[in-house]
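Colleague: Just dropping this structure here.
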Amino acid sequence: MIESNSELAVLAGGCFWCTEAVFQRLRGVKEVIPGYTGGTIKNPAYREIISGRTGHTESIKITFDPSEIQFKSLLEVFFATHDPTTLNRQANDVGTQYRSEIFYQNEDQKTIAEQFIKELNQNNVFGSPVVTAVTEAKPFYNAEEEHINYYNDHRMQGYCQVIIDPKIRTLEKYYSDKLL
């Protein structure tokens, strides 16, 4: 159960180590939990997810205070820190488990997300159409303990330095006003 002054957002933008690291740094974000959603089995495990056969995607559940950061601001950061134009792919991560998707919690989030994507496409922001799906929220399953806070605990690993660090630099460069 979330606090009365909090809302939830569930976003999938490739590897959840990346998205978790980005959203943990935003003012108004109370909690970021990596996990799995959008699939066909209950309580999936990472080893099942990475096979691509369960229909789940790596995602994050964000608890945020809308008086400090709006859902639209979360979307701005989301779209700036992953490639929403590649179907089922983020960099070297390939498969439906790495798709770009927004799992809306209510009709307001659905409307905001659809309008935001429409504006991105109308303005040709990425040079290619945004393929991010907007889908009604599905059950969310928390990832295993070893995936939680991954970037902060393993910053010296190659994946973190090559893939996640540039996302953090983008966040710091363009969204410094939203950082903790």
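Colleague: Which ones in segment 8-35 are small (G, A, S) and either surrounded by fewer than 23 Cβ atoms within 10 Å (Cβ to Cβ) or assigned to a strand (DSSP E or B) (or both)?
Modeller: Result: A9, A12, G13, G28, G35.
Colleague: Something else: Before we move on, is I49 open to solvent by less than 30 Å² (accessible area, probe 1.4 Å), touching a Phe, Trp or Tyr at 6+ places or on another chain (Cβ under 9 Å) and at pLDDT below 95?
Modeller: yes
Colleague: Out of Y174, Y141, report the one residue that is touching a Gly at 6+ places or on another chain (Cβ under 6 Å) and open to solvent by 20 Å² or more (accessible area, probe 1.4 Å).
Modeller: Y141
Colleague: Taking only pairs six or more apart or across chains, which ones have beta-carbon atoms under 6 Å, a first residue in segment 114-138 that is more than 17 Å from G14 (Cα to Cα), and a second residue that is open to solvent by less than 50 Å² (accessible area, probe 1.4 Å) and of a type outside the set (V, I, T)?
Modeller: Close Cβ pairs satisfying both conditions: F116/L75; A137/F103; K138/G38.
Colleague: Turning to a different aspect of this structure: Identify, please: which residue in segment 67-80 is without any contact (Cβ under 8 Å) to a residue 60 or more places away in the chain and more than 11 Å from the chain's Cα centre (by Cα) and is, among those, least open to solvent (accessible area, probe 1.4 Å)?
Modeller: Per the stated criteria, the residue is K72.
Colleague: Moving on. Being at negative phi and assigned to a loop (DSSP other than H, G, I, E, B): is that true of E76 here?
Modeller: No; evaluated as a whole, the condition is false for this residue.
Colleague: Then there's this: Quickly run through segment 89-117 and pick out the residues that are of a type in the set (K, R) and open to solvent by 50 Å² or more (accessible area, probe 1.4 Å).
Modeller: The answer is R89, K110.
Colleague: While we're looking at this one, here's another question. Among the numbered criteria (1) in a loop (DSSP other than H, G, I, E, B); (2) open to solvent by less than 50 Å² (accessible area, probe 1.4 Å); (3) not aliphatic (A, V, I, L, M), which one does T63 miss?
Modeller: Going through (1) in a loop (DSSP other than H, G, I, E, B); (2) open to solvent by less than 50 Å² (accessible area, probe 1.4 Å); (3) not aliphatic (A, V, I, L, M) one by one, T63 breaks only (1).
The values are calculated or read from the model by the stated rules, or taken from the named source; none is laboratory data. All values derive from a computational prediction rather than experimental measurement. Don't worry about glycine lacking a Cβ; one is built from the backbone with ideal geometry, like all the others, and counts go over all protein chains shown. Quick note on the areas: whole protein, heavy atoms, side chains included, nothing else; ligands and nucleic acids left out. Shrake-Rupley method; radii C 1.70, N 1.55, O 1.52, S 1.80 Å.
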